[in-house]
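Presented below is the structure to which this report refers.
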Amino acid sequence: MSTTEAPRRAEGPAAPEIPSGWAALVGVLSVAAAVAAGQLVAGLVAPASSPYLAVGDAVVRLAPQGLVEFAKAAFGTADKPVLLAGTGLVTAVVAAAGGLASRRSPVPGVVVVIVLGVLGFAAVLFQPTFAPLDVLAPTAALVVGVAVMRKLHALALDAAQGPDAPGDPGRRALLVRSAAAVGVASLAGGGAGLWLGRGTGDLRGAVTTRVASARLAEPAPAIPATAAFPQQGTPPFLTPNADFYRIDTALRVPVLAAEDWSLRIHGMVDAERTITFDDLLARPLVERPVTLTCVSNPVGGDLISTAMFTGVDLRELLLEVGVRPGADQAFSTSVDGWYTGTPVEVLMEPGRGAMLAFGMNGEALPFEHGFPVRMVVPGLYGFVSATKWVTDLELTTFSAKKGFWLQRGWAERGPIKTQSRIDHPRAFAVLPAGRVTVAGIAWSQPTGVGRVEVSVDGGPWQDAELATEVSGDTWRMWRAEFDLGPGGHDVRSRATSADGVVQTGVVADTVPDGATGWPDVSFSLD
Ligand SMILES: Nc1nc2c(c(=O)[nH]1)N[C@H]1C(S)=C(S)[C@@H](COP(=O)(O)O)O[C@H]1N2
Ligand SMILES: [Mo]
């Protein structure tokens, strides 16, 4: 392939060599062109087949647990952009190294491009959502990457050949122009691919209309104004959808039309059944306020939100399908291949209120929160119950199958622990001396909160005033007033569930089954 193997040293000039800066750039541009081509074709044909994003997804799936926890702790919900940027950085470094190894022959660079391309290909191929058309985008990436590598390499080698002949348009100028063109085309193509593949709001419109006009078999009572103390610093009782905490492994939010959605209920059942969105709408519709909580929420953390969910009762549906004796786990899988197991016992508990939800605060579920249909199970942390984009429900046993987070060191069952949080004062706030209102939230789903106590500066526990209770399945706001002098102060809180379980002061980490301890806020008055 190479034509530059003339014997050196002995006679003639040394074989031309691409300067290292250009060599690295050729590597990076080739891979950038490959990534952009993959993104563009994916955007045109099948958004889920972007090789770059598929690699990111694979990193999430295969990452060691320590790294995942580190990322969540260090970057919180920014972990996705950080992960994508990190993947980009590593790719760029590998590409540059490939270019540097190709200062004479294009072969090492081409090999690096092929290896990266094959990784992208494999990532797409092994996605749980793989469909035959998905091969187009990674193929385009591979072909474009190799072609650009060979072409730019040839131009760079040419430019390194020596000074341009007078009157020659200039080999160097040609290289600069070509490199710039590849760079611009990559940015434009990649951007266009992302834009083409973006989720569309239209899919939700019709469902929002259905949610808003649904004739409810079981409407929820209106939320009383006395259910929250936002003036005192608590959140509003219902969290606006845009502010609702979000936790999932999906780098790309799955976009699935309601017409294309179905849920297959199978396994240890009397009559396997597949239900469509229309089947769901034809059932008695219920509306329930539920506070969702993440097991990764640290004491004082904000991975907790409340919404009014609209949907159907899951227990009723399971009763119709007929769960066989011995099935202790309902194993749910999302369209993007996430999976978890929920205790059947909890789902079948009369009055528990497990749902298949499609509405959230009066509109269709946002794409990020599971459009078109998700599970909602009051009283269980999300990681064992709240499957978004749910499309498969298998009745099985806990010994037969393990959920995604269970495989990564988290608990098998995830009952929510009795907890409280101090929202006001904020940590390290400086307030005027005098009367201070301490306010916050407490939760103990599905039992509800019976009491919240506050201790100031290590003093005795004192009862806080509780807001009107909405449901045992939701958080409950509280507030307490104190007269305090100038200087530093420290406040703690503890909740007690309606059936007498006191929030423990024993400090525990979030892994494996949820953090414990009393929240503690320091502030000062002047
Ligand atoms: N498909 C899917 N569903 C999922 C998850 C996920 O990663 N994928 N994460 C779960 C976790 S850990 C939590 S806490 C809740 C969060 O739901 P939210 O993002 O709507 O707040 O979703 C659950 N459902
Ligand atoms: Mo979670």
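Considering only residues in the range 359-383 that are in contact with a Pro (Cβ under 9 Å, 6 or more places away or on another chain) and more than 13 Å from ligand 1 (Cβ to nearest atom), the one that is farthest from residue 474 (Cα to Cα) turns out to be 364. On the stretch given as the range 354-368, residues that are open to solvent by 10 Å² or more (accessible area, probe 1.4 Å) and more than 16 Å from ligand 2 (Cβ to nearest atom) total 5. Out of curiosity, is residue 446 free of Cβ contacts under 8 Å to residues at least 24 places away in the same chain, of a type outside the set (A, V, I, L, M) and within 22 Å of residue 516 (Cα to Cα)? So residue 446 fails the test. Of the set (1) surrounded by fewer than 20 Cβ atoms within 10 Å (Cβ to Cβ); (2) hydroxyl-bearing (Ser, Thr, Tyr); (3) not in a loop (DSSP other than H, G, I, E, B), all apply to residue 447 but (3). Pull up the range 399-425, narrow it to residues that are touching a helix residue (DSSP H, G or I) at 6+ places or on another chain (Cβ under 9 Å) and among the hydrophobic types (A, V, I, L, M, F, W, C), then point me to the one that is farthest from residue 466 (Cα to Cα). Top of the filtered list is 404.
Of all residues in the range 73-81, one or more are farther than 19 Å from residue 152 by Cα, of a type outside the set (Asp, Glu), surrounded by fewer than 20 Cβ atoms within 10 Å (Cβ to Cβ) and touching a residue at least 40 places away in the same chain (Cβ under 8 Å). Residues in the range 491-508 that are under 20 Å from residue 379 (Cβ atoms), among the aliphatic types (A, V, I, L, M) and in contact (Cβ under 8 Å) with a residue 12 or more places away in the chain: 4 in all. Summed over the range 391-427, residues that are away from ligand 2 (no atom under 15 Å from the Cβ) and touching a residue at least 40 places away in the same chain (Cβ under 8 Å) total 20. Checking the structure you have, find out if any residue of the range 128-139 is more than 30 Å from residue 437 (Cβ to Cβ), in contact with a Pro (Cβ under 9 Å, 6 or more places away or on another chain) and modelled with pLDDT of 90 or more. Looking for residues that are more than 30 Å from residue 437 (Cβ to Cβ), in contact with a Pro (Cβ under 9 Å, 6 or more places away or on another chain) and modelled with pLDDT of 90 or more, one finds at least one in the range 128-139, hence yes. The set of residues in the range 53-72 that are open to solvent by 40 Å² or more (accessible area, probe 1.4 Å), under 21 Å from residue 42 (Cβ atoms) and not aliphatic (A, V, I, L, M) contains only 61. Does residue 383 qualify as being under 20 Å from the mean Cα position of the chain (by Cα) and touching a residue at least 60 places away in the same chain (Cβ under 8 Å)? Taking the combined requirement at face value, the residue satisfies it.
For residues that are open to solvent by 40 Å² or more (accessible area, probe 1.4 Å) and either within 16 Å of ligand 2 (Cβ to nearest atom) or not assigned by TED's automatic domain parsing to the domain that holds residue 264 (or both), scanning just the range 290-320, find the one that is farthest from residue 519 (Cα to Cα).
Initially, the range 290-320 is screened for residues open to solvent by 40 Å² or more (accessible area, probe 1.4 Å), giving 298-300, 302, 315-316, 319-320.
This time we only want the ones that are either within 16 Å of ligand 2 (Cβ to nearest atom) or not assigned by TED's automatic domain parsing to the domain that holds residue 264 (or both), so: 298-299, 302.
Numbers: 298: 10, 299: 6, 302: 12 Å.
Filtering the range 290-320 for residues that are open to solvent by 40 Å² or more (accessible area, probe 1.4 Å) and either within 16 Å of ligand 2 (Cβ to nearest atom) or not assigned by TED's automatic domain parsing to the domain that holds residue 264 (or both), the one farthest from residue 519 (Cα to Cα) comes out as 302.
Residues in the range 384-402 that are near ligand 1 (Cβ under 10 Å from one of its atoms), surrounded by fewer than 24 Cβ atoms within 10 Å (Cβ to Cβ) and either within 25 Å of residue 350 (Cβ to Cβ) or not polar (S, T, N, Q) (or both): how many? Give the derivation first.
Just the residues of the range 384-402 that are near ligand 1 (Cβ under 10 Å from one of its atoms), to begin with: 384-391.
The next check asks that each one be surrounded by fewer than 24 Cβ atoms within 10 Å (Cβ to Cβ); those that pass are 390-391.
Then keep just the ones that are either within 25 Å of residue 350 (Cβ to Cβ) or not polar (S, T, N, Q) (or both); that gives 390.
Final tally of qualifying residues: 1.
For the range 239-252, a tally of residues being more than 18 Å from residue 384 (Cβ to Cβ) and within 16 Å of ligand 2 (Cβ to nearest atom) returns 2. When residue 287 is tested against the conditions (1) open to solvent by 10 Å² or more (accessible area, probe 1.4 Å); (2) of a type outside the set (A, V, I, L, M, F, W, C); (3) within 16 Å of ligand 2 (Cβ to nearest atom), the lone failure is (3). Just checking, how many residues over the range 103-121 are touching a residue at least 40 places away in the same chain (Cβ under 8 Å) and among the hydrophobic types (A, V, I, L, M, F, W, C)? Number of matching residues: 7. Of the candidates 35, 93, 31, the single residue that is over 23 Å from the mean Cα position of the chain (by Cα), open to solvent by less than 60 Å² (accessible area, probe 1.4 Å) and at pLDDT 90 or above is 31.
Against the criterion of being open to solvent by less than 10 Å² (accessible area, probe 1.4 Å), within 20 Å of residue 291 (Cα to Cα) and within 13 Å of ligand 2 (Cβ to nearest atom), residue 373 does not qualify. Summed over the range 321-344, residues that are open to solvent by 10 Å² or more (accessible area, probe 1.4 Å) and either without any contact (Cβ under 8 Å) to a residue 40 or more places away in the chain or within 11 Å of ligand 1 (Cβ to nearest atom) (or both) total 7. Taken over the range 238-268, the residue count meeting the criterion of being more than 9 Å from ligand 1 (Cβ to nearest atom), part of a loop (DSSP other than H, G, I, E, B), open to solvent by 50 Å² or more (accessible area, probe 1.4 Å) and touching a helix residue (DSSP H, G or I) at 6+ places or on another chain (Cβ under 7 Å) is 2.
The selection criterion, being within 16 Å of ligand 2 (Cβ to nearest atom), in contact (Cβ under 8 Å) with a residue 60 or more places away in the chain, surrounded by 15 or more Cβ atoms within 10 Å (Cβ to Cβ) and outside the structural domain of residue 50 (by TED's automatic domain parsing), does not hold for residue 234. Residue 459: loosely packed, with under 14 Cβ neighbours inside 10 Å, at negative phi and not polar (S, T, N, Q), yes or no? Answer is yes for this residue.
The values are calculated or read from the model by the stated rules, or taken from the named source; none is laboratory data. From a predicted model like this one, the values you see are computed outputs, not experimental measurements. Neighbour counts run over all protein chains shown; Cβ positions are idealised from the backbone, glycine included. For the accessible areas, the whole protein counts, side chains as well, though only heavy atoms, and no ligand, DNA or RNA atoms are used. Shrake-Rupley method; radii C 1.70, N 1.55, O 1.52, S 1.80 Å.
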